[in-house]
Amino acid sequence: MKIVDPITGVKKQVTFTKDHKPVFTIIQGGFDNERKDVPVEEEKVSSKLETPSDVMYWEAWYPELPDMRFTTVDGIGVFNASEFARKRGYEKDKDLKKFFSNTPCIAVYAKKLGTDKLIRFSEAGDVLLNEVLAFSFVEYVDPSFSIYMHDRMHELFYNGVVVSDNYLAVAAKRRLPRKVLEKLIKQ
């Protein structure tokens, strides 16, 4: 796993020993540069299921879902399901047990990946779900956004290509002169 220390801004590679103790190594250059130099002493200890969230680098992978933040834990992409539900205002309405029992693809992913790779917990108690469950979780938490996703999937299968609304807006802004954009808005 590669992280950025939020206090120092130092990029680190994290590996774990057999007894699940983390070994931090400073990465020189970008994350795509695999040159590792200096081992770093850290006191935080992580088990397979508990993950220190205060030292992780979280990022939005999808421009259409900026409130869904991802990171990598033990080489597995995860998103903070608890945080996403809180930001969407569904934390109390949506029960994770119902999500796991009512989402058919979870059983398929559990068989394919192993159940220990589907869910983790941060030290703060937040639920971290495997990246493969992201769109199923969005559909569960925000059914109106799932309609948007289904419309984009229809476009993809029907036309063979699709771009998001966000991409279209940014591309139009970059390409079209201001006068043309203003004229389009007035229509």
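Things worth noting here:
- Test for Leu129: is it more than 28 Å from Ile185 (Cβ to Cβ), out of contact with any Pro (no Cβ under 7 Å at 6 or more places or on another chain) and not in a loop (DSSP other than H, G, I, E, B): yes
- Which listed residue is closer than 21 Å to Asp67 by Cβ and out of contact with any Pro (no Cβ under 8 Å at 6 or more places or on another chain), from Val170, Val161: Val170
- Summed over segment 64-93, residues that are among the polar types (S, T, N, Q) and either under 21 Å from Asp165 (Cβ atoms) or open to solvent by 30 Å² or more (accessible area, probe 1.4 Å) (or both) total 1.
- The residues listed here are Asp116, Asp126, Asp142, Asp151; of these, the one that is in contact (Cβ under 8 Å) with a residue 24 or more places away in the chain and open to solvent by 60 Å² or more (accessible area, probe 1.4 Å) is Asp116.
- Residues located in segment 154-187, provided they are of a type in the set (Ser, Thr, Tyr) and open to solvent by 100 Å² or more (accessible area, probe 1.4 Å): Tyr158, Tyr167
The values are calculated or read from the model by the stated rules, or taken from the named source; none is laboratory data. Just so you know, these numbers come straight off a predicted model, no measurement behind them. Please note: Cβ atoms are built from the backbone with ideal geometry, for glycine as well, and neighbour counts cover all protein chains shown. Note: areas computed on protein heavy atoms with side chains; ligands, DNA, RNA excluded. Shrake-Rupley method; radii C 1.70, N 1.55, O 1.52, S 1.80 Å.
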